[in-house]
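The values are calculated or read from the model by the stated rules, or taken from the named source; none is laboratory data. Bear in mind that the values here come from a model prediction, so they are computed numbers and not experimental data. Cβ: placed from backbone, ideal geometry, glycine included. Neighbour counts: every protein chain shown. With ligands, DNA and RNA removed, areas are computed over all heavy atoms of the protein, side chains included. Shrake-Rupley method; radii C 1.70, N 1.55, O 1.52, S 1.80 Å.
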Amino acid sequence: MAGGVVVNAAGGKEYPGHMTAFVFFTCLVASSGGLIFGYDIGISGGVTSMDSFLQEFFPSVYAKAEASKDTNQYCKFNSQLLTLFTSSLYLAALATSFVAASVTRVFGRKWSMFCGGLTFLAGSALNGAATDVMMLILGRILLGIGVGFANQSVPLYLSEMAPAKLRGMLNIGFQMMTTIGILAANLINYATVGIEGGWGWRIGLGLAGVPALVITVGALALPDTPNSLIARGYHEDAKTVLVKIRGTDDVHDEFEDMVAASEEASEIEHPWRNILEPKYRPQLTVALLIPFFQQLTGINVIMFYAPVLFLTIGFGDDASLMSAVITGLVNMFATVVSIVTVDRLGRRALFLQGGTQMFISQIVVGTLIALQFGTSGVGAMSRSNAMLLVLFICLYVAGFAWSWGPLGWLVPSEVFSLEIRSAGQSIAVCVNMTLTFIIGQAFLSMLCTLKFGLFYFFAGWMFVMTAFVALFLPETKGVAIEEMNLVWSQHWFWGRYVNVDGDGSRRGGSNRRTTGV
């Protein structure tokens, strides 16, 4: 040990750092960016199951929803216009992710968060006052721009501010806030569905402005990360922030490594082109496949359309919204499990256990629905089977909440070198939003076509992604983000692309230091 630096199990440097009040405050405020993402997921699924909302904006869907039990239950909510209301947000977030990458890199993480909160605030006002479908969808597009900025900047901010030993726990704060947002939206849906006059949905959509205001004001109070400040030439400010977040004046070695990484990054003129080089192939693969797989777990089917799904399988209006509240509670409390264990058990253990649990749950849910409705979709679910179905949906949600939910954002945000980090995070957000849009837009049609087989479809993907983690994802817990290249160089497969000498320099690639953050 020298100068407060030790060598960790991966052979890299481990810098001093613990949970200071400053770290806790900054990460808590930044994590509130997850509130806008989660609130929208919960609120959009709830209002699309409200009769008053459907009557005003989607009367044809309302007519089908009111049909008798001898109607095909798989197809009663099938409407491309209805799914466009939900999924248009994610198309906007997809397009925004590329602009947000440049804003995040050039102006800093905090201003990207501020832009996200501001545009989300405008979208919530437009949606709450909507008088026609086009006004609704325009509001959703503004919400999507806000989500694109927040999802680009918040995970990066958290990974760069957190000490290595606490990075998992603090980064998962983003997912924790997302689950709180979902639960709050579910409770508001349940409380407003019975308002006389049928305008309760306006409250739900308009209250999206509250979490937007939190992140907008909060971003103004935050400092930027040391990495971002160094990259933009504010070295003294960066060192001051680093001393505060590490809780010690002994930050010389870590600061010098950050400066070296920034100097290397500044020589990269085309990060979008460089990320395609073989030496970045492991990170690029993770940026593509982790968010791709996260959406193919089928979680957004449950969270977007939980009330609609429960209505489809025979629950009453209030019962369907209450079931969504139950899944929201499970989602939130199970995320706490991830926060507590991710830096102890590691990323791989949670991925593998959660994936197995989700696989089994999807098989059981699909089978229960198959036994009740068969391929015709005609029938009504008994109370006992309905309760069993809710149980396994909760087990599925719990598995997601302590594995693919938080880790789907954590892992891509911690594996990139500084020179390609904004580009890499943009790719991860882009893939996530693309798949979210596709699945959100296609779900009701897929349910109508594949019937109970839709759940087997997602179960098949759970098997594939769990196998991918087992074979190709190295453990990254406790590794300083500056030393992440060592993890890839020691992997049985990725080592052929990323070779790192003991002093931190790559062989077969650049001869410069690769302590990029």
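Here are a few things to note about the model shown:
- Portion, in percent, of the accessible area of the stretch 174-305 that falls on carbon or sulfur, probe 1.4 Å: 60
- The stretch 146-239, Rg to Rh (Cα coordinates; Rh as Kirkwood inverse mean 1/r): 1.13
- Probe 1.4 Å, all protein chains present, accessible-area order of His235, His491, His252, largest first: His252, His235, His491
- Structural descriptor for the stretch 17-224: relative contact order 41 percent, calculated from alpha carbon pairs under 8 angstrom and at least 6 residues apart.
- Above-threshold pairs, the threshold being 19 Å between Cα atoms, out of Lys244/Lys477; Lys110/Lys477; Lys165/Lys244; Lys110/Lys244: Lys244/Lys477; Lys110/Lys477
- Just so you know, the Rg over Rh for the stretch 277-499 is 1.02, from Cα atoms, with Rh as the Kirkwood radius.
- Among Phe58, Leu126, Phe25 the positive-end extreme of the charge dipole of the stretch 17-224 (Cβ point charges): Phe25
- Estimated inter-spin distance, Leu81 and Phe98, nm [label 7 Å along Cα→Cβ]: 3.1
- Using a probe of 1.4 angstrom and keeping all protein chains present, the accessible surface of the stretch 277-499 works out to 30 square angstrom per residue.
- Per-residue 3J(HN,Hα) values for the stretch 341-347, derived from phi via the Karplus relation 6.51 cos²θ - 1.76 cosθ + 1.60 with θ = phi - 60°, read 9, 4, 8, 9, 7, x, 6 Hz in sequence order (x marks Gly and Pro).
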